[in-house]
1. Within the set of pairs 6 or more residues apart or between chains, which connect a residue that is under 19 Å from ASN25 (Cβ atoms) inside segment 35-54 to a residue that is in a helix (DSSP H, G or I) and among the acidic types (Asp, Glu) with Cβ atoms less than 8 Å apart?
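The values are calculated or read from the model by the stated rules, or taken from the named source; none is laboratory data. Since we're looking at a predicted model, the values are computed, not measured. All Cβ positions, glycine included, derive from the backbone under ideal geometry; neighbour counts span all protein chains shown.
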Amino acid sequence: MVDSNNERLLILDDWVITRSTSTANPPMEEAAIADFESQIGHQLPKDYRSFLLEYNGVHIYQLITDLGGNG
């Protein structure tokens, strides 16, 4: 879940719960995706194309604070 400060709770491998911030990249243009697909000679999977058209990846920043865990 992301709050109004772009913070999200993460559960790490050792079950430590922590917060981090992230920002989504601007959506990719349909033409850029089509150009890339043309260059590689294949179409991207529909779900990945949808992801690129909505988010085009995210930047996850450093962890903000440790909220608890095993010691």
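1. Short answer, once both residue conditions are applied: LEU44/GLU37; LEU53/GLU30.
Conditions (1) part of a loop (DSSP other than H, G, I, E, B); (2) surrounded by 13 or more Cβ atoms within 10 Å (Cβ to Cβ); (3) modelled with pLDDT of 95 or more, marked per residue:
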residue: ARG8; (1), (2), (3): no, yes, no
residue: ASP13; (1), (2), (3): yes, no, no
residue: THR18; (1), (2), (3): no, yes, no
residue: MET28; (1), (2), (3): yes, yes, no
residue: ALA31; (1), (2), (3): no, no, yes
residue: ALA34; (1), (2), (3): no, yes, yes
residue: LEU52; (1), (2), (3): no, yes, no
